[in-house]
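Peer 1: Please see the structure below; I have some questions.
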Amino acid sequence: GAPGEPLRCVRRLDGGYREVLQVSAPAVLSVEPTHVRLRRASLPALLAAREAPIDVVSAGPTRDPRVTVDHAGPYRPRPRVLPPPASDNPRERLLALTGALVERTPPRVVVPENVAAAADELLAFLRQHGYLS
């Protein structure tokens, strides 16, 4: 969105439900780790973590007044409208409807060099798939 406009976000809930939220800046958001490679901590970091203090803070209000809930319910993506297959052969119709023989871009794992490169890669992906204009 444009600077100053609230961000429209989707939050996953239990049972397959999702909430659509409008969040005004500044905000901290996360991205689902479906394509993120897990990094392992080094042994010195693990040993240091055993002795690290953990600050305990009390929880604030459950709802931030800057966040408004647009809709809470099960996620229902819009169905894609598919043209009917041209063939009368059932096998060819099934292949056309499922896209089993269509060329696809294979998934890729991206390991950016720094935070700026990671942000650029994420924004490029969102633009490529129509989430950003």
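The values are calculated or read from the model by the stated rules, or taken from the named source; none is laboratory data. Only a predicted model underlies this, so the values are computations on that prediction, with no experimental measurement involved. Cβ placement follows ideal geometry from the backbone for every residue including glycine, while neighbour counts extend to all protein chains displayed.
Okay, residues lined up against (1) modelled with pLDDT under 80; (2) in a loop (DSSP other than H, G, I, E, B):
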position	(1), (2)
SER58	yes, yes
ASP64	yes, yes
ALA86	no, yes
ALA116	no, no
GLU121	no, no
LEU126	no, no
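Peer 1: Could you check, for the range 67-83, whether at least one of its residues is modelled with pLDDT under 85, surrounded by 10 or more Cβ atoms within 10 Å (Cβ to Cβ) and more than 30 Å from PRO26 (Cα to Cα)?
Peer 2: Going residue by residue through the range 67-83, those that are modelled with pLDDT under 85 are 67-83.
In the following step, the residues that additionally are surrounded by 10 or more Cβ atoms within 10 Å (Cβ to Cβ) were identified as 67-70, 72-73, 75.
Imposing the further condition that a residue be more than 30 Å from PRO26 (Cα to Cα) reduces the set to none.
No, that holds for no residue.
Peer 1: Okay, moving on. Under the condition of being surrounded by 10 or more Cβ atoms within 10 Å (Cβ to Cβ) and either in contact with a Ser or Thr (Cβ under 7 Å, 6 or more places away or on another chain) or small (Gly, Ala, Ser) (or both), which residue from the range 89-125 is farthest from ARG39 (Cα to Cα)? Reasoning before the result, please.
Peer 2: The first filter runs over the range 89-125 and keeps only residues surrounded by 10 or more Cβ atoms within 10 Å (Cβ to Cβ), leaving 89, 92-97, 99, 110-112, 117-125.
When the remaining residues are screened for being either in contact with a Ser or Thr (Cβ under 7 Å, 6 or more places away or on another chain) or small (Gly, Ala, Ser) (or both), the result is 93, 96, 99, 117-119, 124.
Working: ARG93: 44, ALA96: 40, GLY99: 35, ALA117: 18, ALA118: 15, ALA119: 18, ALA124: 23 Å.
Among residues in the range 89-125 that are surrounded by 10 or more Cβ atoms within 10 Å (Cβ to Cβ) and either in contact with a Ser or Thr (Cβ under 7 Å, 6 or more places away or on another chain) or small (Gly, Ala, Ser) (or both), the one farthest from ARG39 (Cα to Cα) is ARG93.
Peer 1: Listed residues PRO85, PRO53; which is over 29 Å from the mean Cα position of the chain (by Cα), more than 19 Å from ARG11 (Cα to Cα) and touching a residue at least 12 places away in the same chain (Cβ under 8 Å)? Steps first, please.
Peer 2: Details: PRO53 fails: touching a residue at least 12 places away in the same chain (Cβ under 8 Å).
Going through PRO85, PRO53 in turn, just one is over 29 Å from the mean Cα position of the chain (by Cα), more than 19 Å from ARG11 (Cα to Cα) and touching a residue at least 12 places away in the same chain (Cβ under 8 Å): PRO85.
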